Number of protein chains: 2
Amino acid sequence: MATTRHSSEITRKRLINAAAEEIRRNGFRATSIDQILQQTGVTKGALYHHFSNKLELGYAVVEEVYRSHTLEGWGPVLQHAENPIDAILGILRRNGDRTKGDMLNCGCPLNNLAQEMAPVDEGFRARIEAVFQDWRNIIDEALSRGKENGTVRGNVDTEKTAIFIVSVVEGAIGSAKNAQDCRVLSACMEGLAHYLEALRPRISFRARVPEAAASG
Amino acid sequence: MATTRHSSEITRKRLINAAAEEIRRNGFRATSIDQILQQTGVTKGALYHHFSNKLELGYAVVEEVYRSHTLEGWGPVLQHAENPIDAILGILRRNGDRTKGDMLNCGCPLNNLAQEMAPVDEGFRARIEAVFQDWRNIIDEALSRGKENGTVRGNVDTEKTAIFIVSVVEGAIGSAKNAQDCRVLSACMEGLAHYLEALRPRISFRARVPEAAASG
């Protein structure tokens, strides 16, 4: 019984991963269920046991694949970052190096899906927006902590800044994809870095001064 | 003869305008030729007299409708702007007020088409990229003039800055469309305004001092 449930879970995961890759390459509407079945060797009956239709499979891709792909590079790093601006700059550098070629070819899967499906399907729109909102919240919270510990200027609107940062990253990837030119991505990341630098306090001060504390 | 050519031109223009609206609402692949014919009352024969296929009609939409829609708000203003930063801030404000509702519903037609068709059709990609490039050139040239007359900091990389500005505008519209929330657009425009303010020289100086010149 446990083995059956286990293998059923594996089948489900394989279907979702294959669908995630197909949607990433071709968009949702051009993705064919037959292609996914052929690729995974899963029967149509087994697929419809897990997902009542293609839309439901697409929703699972957003929630179980694109969500983690989008947030995993940001959440764990920013959650423990003492200096959120340094941390965001580091994330942008790392993501740029890691995904340049792939982003140029296909863009950001989550954003592509947003542009394709948001206007025509509320189920997609709301699920995609929930991921974007969680991404913004991660940045917002990190910047708020930075304001408290003095690494971010006190008058920064952390919510609006988080909205801006996420939009710039998505706009940059979209522009680079159409230009087929990674210099577009670099120029945008440089612009965002300038913006981020301006969020630091004019005169940097340290909340904790270990020497002074030790001697006091 | 002149009248025939004139009415043929009118028919062509009507087809392009109807296609531009259909593509804006539904994307290129979901746009149906029959719908355009029905809407315009043009015969299939007349359409194929002007465009050998749907793709060619789509290309004409980019070059004759989306190009001017995209550039008309930027070119004439920036061409004669003495202070490009003030001018860009003014454009962002005006565009924001004018197109907020429409942008929320459908996003930016040029960018939607880029995201849909750039990965699958080089003809679309290159034509769309040419519009983005002209848009960047308009900003680049204005910022360069600003460097010369002292309204833009001397160490600003005008080409990269232009790439950044265009990408931010497109990213902002895309984010707002998925969020269905005009506060997302406002937050991005505010972020971009902060970035633009930082491009001004630290101590503003005027290249021309009329009083001094008159008394000299």
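The values are calculated or read from the model by the stated rules, or taken from the named source; none is laboratory data. Predicted model only: the values in this text are computed from it and were never measured. Every residue, glycine as well, gets a Cβ built from its backbone with ideal geometry; the counts of neighbours run over all protein chains shown.
For the reader, a short list of remarks on this structure follows.
- One residue stands out in the range A:1-31 among those that are hydroxyl-bearing (S, T, Y) and surrounded by 13 or more Cβ atoms within 10 Å (Cβ to Cβ): the one that is farthest from the chain's Cα centre (by Cα), namely A:S8.
- Of residues in the range A:91-111 being modelled with pLDDT under 70 and in contact with a helix residue (DSSP H, G or I) (Cβ under 7 Å, 6 or more places away or on another chain), the one farthest from the other protein chains (Cβ to nearest Cβ): A:K100
- Of residues in the range A:112-154 being buried (at least 19 other Cβ atoms within 10 Å of the Cβ), assigned to a loop (DSSP other than H, G, I, E, B) and not aliphatic (A, V, I, L, M), the one nearest to the other protein chains (Cβ to nearest Cβ): A:P119
- Positions within the range A:29-67 being more than 19 Å from A:S8 (Cα to Cα), in a helix (DSSP H, G or I) and of a type in the set (K, R), in sequence order: A:R67
- Looking only at the range A:155-175, and only at residues there that are touching a residue at least 60 places away in the same chain (Cβ under 8 Å) and within 13 Å of the chain's Cα centre (by Cα), the one that is nearest to the other protein chains (Cβ to nearest Cβ): A:E170
- Within the range A:23-60, the set of residues being basic (K, R) and away from every other protein chain (no Cβ under 14 Å) comprises A:K44, A:K54.
- Count of the range A:35-83 residues, restricted to those that are touching a Gly at 6+ places or on another chain (Cβ under 9 Å), surrounded by fewer than 18 Cβ atoms within 10 Å (Cβ to Cβ) and among the hydrophobic types (A, V, I, L, M, F, W, C), is 2.
- Residue within the range B:193-206 that is part of a loop (DSSP other than H, G, I, E, B), within 8 Å of another protein chain (Cβ to nearest Cβ), out of contact with any Phe, Trp or Tyr (no Cβ under 7 Å at 6 or more places or on another chain) and hydrophobic (A, V, I, L, M, F, W, C) present: yes
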